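*Asks:* Just passing along the structure, written as structure tokens.
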Amino acid sequence: MPVRRSCSFCGNEIEPGTGKMFIRKDGTVFLFCSHKCQSNMLKLGRVPRRTPWTQAFRRAAGRVVVEEAVVAEEAPAAGEGLVAEIKIETPKGKDIPVDLADLIDRRLGPDLPRGELEKHYASFVGSESFRTSIVGWAKKKHGASPISHIERAEFLAWKDSPEGRRAFKSWLDRAWQTVKGRKREAPEEEEAPAPTAKKAKKGA
């Protein structure tokens, strides 16, 4: 079975019994399918991947197009996909940082039951603003190294950083607005039946 050979310049297959061979003094062997390819490489000094009619040029151009298409498909909207893929290890239950628990109780309480406090904390670590902040902080810390997991120790370091304090304060302000709205609605609902009860006693 004849060995299949391809041109050293254009990349086309050379039929058996045809083609030209050129051997340099250093032992490098070149095979050419035509005088045109031989002249382009040896006399004109052209590079195959920069010459439009060669296979090397088409492969390079096709690879660039494919890479651009892959990047466009994999690029997440506003970076959400990358943030979602990273696993963040946060303290839970009794291990919730005392300083965060105190701030939550002081701002959204006071004297919140433990279950209510943990619920607010879970809302914070589950928020998109928290994930975006801690992932951005971790990427700066790790530099060019890709990250897929943020450990608990890194979470504790983040919460004491300027970025962490800023993110927590921003979430706390939003949570307070929600709690404040609920507190305003609650007295109106409770006071509504009171006048009716007093009128019933006077009539009796």
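The values are calculated or read from the model by the stated rules, or taken from the named source; none is laboratory data. Computed from a predicted model, the values in this text were never measured in an experiment. So basically every Cβ, Gly included, is an ideal-geometry build from the backbone, and we count neighbours across all protein chains shown. For accessibility, only protein heavy atoms count, side chains too; no ligands or nucleic acids. Shrake-Rupley method; radii C 1.70, N 1.55, O 1.52, S 1.80 Å.
*Asks:* Just one of (1) more than 30 Å from H149 (Cβ to Cβ); (2) surrounded by fewer than 16 Cβ atoms within 10 Å (Cβ to Cβ); (3) at pLDDT 85 or above trips up P2, so point out which.
*Replies:* Condition not satisfied by P2: (3).
*Asks:* Going residue by residue through region 159-173, is there one that turns out to be among the polar types (S, T, N, Q), open to solvent by 30 Å² or more (accessible area, probe 1.4 Å) and over 21 Å from the mean Cα position of the chain (by Cα)?
*Replies:* So far as region 159-173 goes, yes, one or more of its residues are among the polar types (S, T, N, Q), open to solvent by 30 Å² or more (accessible area, probe 1.4 Å) and over 21 Å from the mean Cα position of the chain (by Cα).
*Asks:* May I ask you to verify whether L112 is of a type outside the set (D, E, K, R) and either exposed (fewer than 14 other Cβ atoms within 10 Å of the Cβ) or in a helix (DSSP H, G or I) (or both)?
*Replies:* Criteria not met by L112.
*Asks:* Follow-up. Can you tell me how many residues in region 122-158 are open to solvent by less than 80 Å² (accessible area, probe 1.4 Å) and either in a helix (DSSP H, G or I) or farther than 18 Å from P91 by Cβ (or both)?
*Replies:* 24
*Asks:* Of all residues in region 46-58, which are touching a Gly at 6+ places or on another chain (Cβ under 8 Å) and open to solvent by 30 Å² or more (accessible area, probe 1.4 Å)?
*Replies:* Once the filter is applied, which keeps residues that are touching a Gly at 6+ places or on another chain (Cβ under 8 Å) and open to solvent by 30 Å² or more (accessible area, probe 1.4 Å), region 46-58 yields only Q55.
*Asks:* Here's something else I'd like to know. Suppose we filter region 17-34 for residues that are farther than 15 Å from W53 by Cα and either hydroxyl-bearing (S, T, Y) or surrounded by 10 or more Cβ atoms within 10 Å (Cβ to Cβ) (or both); how many remain?
*Replies:* Here the count works out to 8.
*Asks:* Let me ask something additional. Please go through (1) open to solvent by 70 Å² or more (accessible area, probe 1.4 Å); (2) without any contact (Cβ under 8 Å) to a residue 60 or more places away in the chain for R107 and return the number of the only condition it doesn't satisfy.
*Replies:* (2)
*Asks:* Another question about this same structure. Condition (residue is modelled with pLDDT under 85 and touching a Lys or Arg at 6+ places or on another chain (Cβ under 6 Å)) applied to region 173-180: is it met by at least one residue?
*Replies:* yes
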